[in-house]
Amino acid sequence: MISLDTGIENVRPNTKKIWHDCLKLIKKKIPAITFNTWFAPINPIKHENDILLLELPSLLFLEWVTGRYSSVITSSVEEVLGSKTKIEYVTMDEKFQDDLFTSALRTQTEKADAEKKERTLEIELKKENGFKKNEPTVLSNLNPKYTFENFIKGEGNQLARAAAGAISDNPGGTSFNPFFIYGGVGLGKTHLIQAIGNKIKNDDPKKRVIYVSSDRFTVEFVESIQANKANDFSNFYRSMDVLIIDDVQFLTGKEKTQDLFFHIFNALHQSGRQIILSSDKPPKDLKGMDDRLISRFNWGLNADIQPPDLETRIAILTKKSKDYGMDISQDILEFIATNIKSNIRELEGCLIKILADASLTSKEISIELAKKTVREISTSKKVDISIEIITKIVCEHFNVDVNKVREKTRKKEAVEARQVAMYLSKELTNSSLKTIGLHFGGRDHSTVIHSVNTISEMIPNSKLFKEKVDYIKNKIELTCS
Ligand code: ADP
Ligand code: MG
């Protein structure tokens, strides 16, 4: 059983105390088993300017907690801090994504600034982000939970795993440069490429390793142009020993970013630095990607990841259930592994769902529960409905321009259409809050949660509105069937 104090030693005493008080109230409102499952792993990060920032282990976890206990949390925090307080969430997955270039840029370009002030600020920042004081200034942006140790080997990932190991032992020194790994969603690409980074960093903390998603890379590039700092941006990435870019398929069609990436690639490759890339498809299938880049992607090693076979799925479930502290029989694990085949994220999702249901009803984890959950997961999957289609249909109905919904406009019609589109994206697709946010002008998951909640509250209160949403939903489903 996890104690209340888990992991919150580094937080300012008042934040810790505040959260402790909230937990006491929450504990009274929900069953003990639920409390231990969903609340003990939450860490308070800070309380400032009427915002309480909480950290959760993963996005999946976040979606479960906020999906079910949002009102319990809000009411308890209100009792402790008053109704002005806003609650914001961050996940371990994401904490490492934020501001890495911005913070590096600051340390590079503002050296002349009052040094003392800067130093305290940095130490503060690192403390709040949970980084150790002596860590080098480059924040690698790696999530420490992705390691080789907890990556289960199987037939589908054998080559990729072996190459990853070799690269981590000798970055830039093997013929696997670049290392280009591709495969479907949820098969472990991000896990594996981050494991390489973590291992290299672990062996030699001075190595300059950076992990960045291609979306983030693009956003930072655009921001650096706006701030007249495009050179700094480029130099920052050129100074790396190891550059890891996730999901490069999102660079397709983005010519300027590709052009910049091309030059960074050349500079790094020429000086023997390691480049690691992931994609959902092999280089030759990346339509809208510059031919010069595609040919470079083929210089080193291309390795694919295939969906895991049954044994691997069982091994993964066994490991993950242990990690979650679940007591679940081998029969049930085999049942899940036999029925959920496509990807590992879904396997994980199924376990969490079972855990949630069991904890809500305070029941044992039975084969019946597993069956019910597997059935729910399989029928809720509507793979063909995309966020694009949803946005398009919602916009037609609200008579607003699709771009208005994606931009940061606060015009009433645009806001409403955007919230409905986000709500339906959550309901009709398997996309994470983060992905949904990215489709709507790079908004963060708390904005998505807010939108989803707003619409969920409006529906029961207005018959007219409910009819409207149902109508749109119906239309989307018809369009996609
Ligand atoms: P992708 O980037 O290919 O979409 P991820 O790397 O995000 O997939 O993997 C999805 C989830 O499945 C992650 O939580 C990851 O830790 C887990 N996972 C994937 N492959 C493995 C594996 N071989 N062993 C253990 N966990 C895995
Ligand atoms: Mg990924």
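Here are some notes:
- Both radii were evaluated on the Cα set of segment 185-321; the Rg over Rh quotient, with Rh as the Kirkwood radius, amounts to 1.00.
- Computed [θ] at 222 nm, helices only, for the chain once each DSSP H run of length n ≥ 4 contributes -39500 (n - 2.57): -18500 deg cm²/dmol
- Across the alpha-carbon atoms of segment 245-298, the computed radius of gyration and Dmax are 10.5, 29 angstrom.
- Carbon and sulfur %, accessible surface of segment 149-242 computed with the full protein complex present, 1.4 Å: 46 percent
- Rolling a 1.4 Å probe over the protein heavy atoms leaves Lys372 with an accessible area of roughly 90 Å².
- In order through segment 321-330: 3J(HN,Hα) via Karplus (6.51 cos²θ - 1.76 cosθ + 1.60), integer Hz, x for Gly, Pro: 5, 4, 4, 7, x, 8, 9, 9, 6, 4
- Rounded if a/c under 1.5, otherwise prolate or oblate - segment 381-464, Cα gyration tensor axes: rounded
- Radius of gyration and maximum dimension Dmax of segment 281-393, Cα, Å: 18.9, 58
- The residues of segment 273-394 expose on average 49 square angstrom of accessible surface per residue, using a 1.4 Å probe on protein heavy atoms.
- Tensor-based shape of the chain (alpha-carbon gyration tensor, a/c under 1.5 rounded, otherwise prolate or oblate): rounded
- With every protein chain in place, segment 398-466: carbon and sulfur % of accessible area (1.4 Å): 51 percent
- Per-residue packing, averaged as other Cβ atoms within 10 Å, sorts the ranges 420-433, 17-30, 219-232, 153-166 into the order 420-433, 153-166, 17-30, 219-232, beginning with the highest.
- DSSP bridge pairs, the chain: antiparallel proportion in percent, nearest 5: 15 percent
- Fraction of alpha-carbon pairs over 14 Å apart in segment 154-234 - percent: 70 percent
The values are calculated or read from the model by the stated rules, or taken from the named source; none is laboratory data. None of the values given here were measured: they were computed from a predicted structure. Note: ideal-geometry Cβ built from the backbone for every residue, glycine included; neighbour counts use all protein chains shown. Please note that ligands, DNA and RNA were not included when accessible areas were found on the heavy atoms of the full protein model with its side chains. Shrake-Rupley method; radii C 1.70, N 1.55, O 1.52, S 1.80 Å.
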